[in-house]
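**Q** Just passing along the structure, written as structure tokens.
The values are calculated or read from the model by the stated rules, or taken from the named source; none is laboratory data. From a predicted model like this one, the values you see are computed outputs, not experimental measurements. Note: ideal-geometry Cβ built from the backbone for every residue, glycine included; neighbour counts use all protein chains shown.
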Amino acid sequence: MRIDSLSESKKQELLFVVWRVVAVVFLLLVFLLGVKGLGDGFKLFGSNFLDSFFTLTANPFVGIFVGVLATTLVQSSSVSTSMIVGLVAAPENPLPLANAVPMIMGANIGTTVTCTVVSLAHMGRRDEFEKAFAVAGCHDFFNVLAVMIFLPLELATGYLQSTARFLSSLVGGIGGFTYESPFKALLSLGFVPIQSLSETLFDVDLARAIFLVGISAGLIFLALWLIVKLMRTLVIARIETAVTSALGSNVLIAMMIGVVVTVMVQSSSITTSIMVPLAAAGVLRLEQAFPITIGANIGTTITAMGAALAVSGVNAQAGIEIALVHLFFNLSAAILIYPVERIRQVPLRAARILAAVAVKSRKLALCYVATMFYVFPALLIYLTQFFQ
């Protein structure tokens, strides 16, 4: 079909889509630029700072709550996991791979805060609130259960790290070929003005490091926020249609819809948050929302994989490995928890009990959100530093 044969409204709609697709591609480059700058910035902090950071995250339980708190503060696991990839792959290796694994798990828990907060909007109507809070709580408890199962397994066997290391070595070593990111030269060129500006403004490495890390983190957050906003305008209507169509589908299709929708909007929070009002309206039951939530968990790992493309140097392989750890963690949780009826019922029952309690006391609901996602993680991190 020729463009000149389209009506004026169709032409405008086509231009609208093309403009946003171009904008998303540009923002992806900005996002990758931020990931690269984060690693370069941490290199300038020096060994003393890196050693203190290593000490803080050496405790796996503290690492989990660092991931939880970081994700809840920025309201996005995509931002926090991308930063983790950048830190693991940084030349000075401020975050060892083993320390980053619990942080990735914590980020999975922290990302559930968004849909939980969305469910609070239904507090004025008892029936709606109970259904909405149960769907949000199901996401919470599934990710908590996954951490309770796989953290001890990982500490005992190194299952996630060894699997990620094996597969990343296969990708990098087939036929003696080592993969080089096609964005490497472009990102290096794009970072030159920022690097030059930091050298012009500051004479001390510490000041340059703070500047580069701040700018890079800002680029990551801004790029992902704008990507989500642009993608939402492109596909938000289709998302609701896809979720609704999944209601009568089998479990695998429902999971795949959760994966695809999350990849499209670059945010599992959007996918799960859309299910909350659908559940409140009685369109979506808890059992129907559960597999879509699991699919959203898997789909959100695409962001960390994208961040791994931006890294280069001696620790580039580690960046790919932690991105694969994120993917395998969510895949393993889906494979182990959902098919087994007794295990699958754990997060579902816990979500129903929590919702029932929340309906009886809305103050307890607010207390749960504040304590689970903010107070307890921050308190644990503070006490750990204090006693050290």
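**Q** Having 3 or more residues that are modelled with pLDDT under 85 is the bar; report the helices (runs of 4 or more DSSP H) wholly within segment 230-348 that clear it.
**A** Details: elements: 251-265, 268-280, 286-299, 301-308, 316-337.
Counting at least 3 such residues, we get 251-265, 268-280, 301-308, 316-337.
**Q** Further question: Any idea which of (1) at pLDDT below 80; (2) among the aromatic types (Phe, Trp, Tyr); (3) surrounded by 13 or more Cβ atoms within 10 Å (Cβ to Cβ); (4) under 25 Å from VAL325 (Cα atoms) is the one PHE177 doesn't satisfy?
**A** Condition not satisfied by PHE177: (3).
**Q** Out of the residues in segment 51-72 that are of a type in the set (A, V, I, L, M) and either under 14 Å from ILE84 (Cα atoms) or outside any helix (DSSP H, G or I) (or both), which is modelled with the lowest pLDDT?
**A** Filtering segment 51-72 for residues that are of a type in the set (A, V, I, L, M) and either under 14 Å from ILE84 (Cα atoms) or outside any helix (DSSP H, G or I) (or both), the one modelled with the lowest pLDDT comes out as ALA70.
**Q** Among the listed residues ILE109, ILE104, ILE84, identify the single one that is aliphatic (A, V, I, L, M), touching a residue at least 24 places away in the same chain (Cβ under 8 Å) and under 15 Å from TYR374 (Cα atoms).
**A** Only one candidate passes the filter, namely ILE109.
**Q** Go through segment 290-304 and count every residue that is closer than 16 Å to ILE109 by Cβ and not aliphatic (A, V, I, L, M).
**A** Within segment 290-304, residues that are closer than 16 Å to ILE109 by Cβ and not aliphatic (A, V, I, L, M) number 4.
**Q** Among ALA185, ALA121, ALA136, ALA132, which is within 30 Å of LEU278 (Cβ to Cβ), modelled with pLDDT under 80 and in a helix (DSSP H, G or I)?
**A** ALA121
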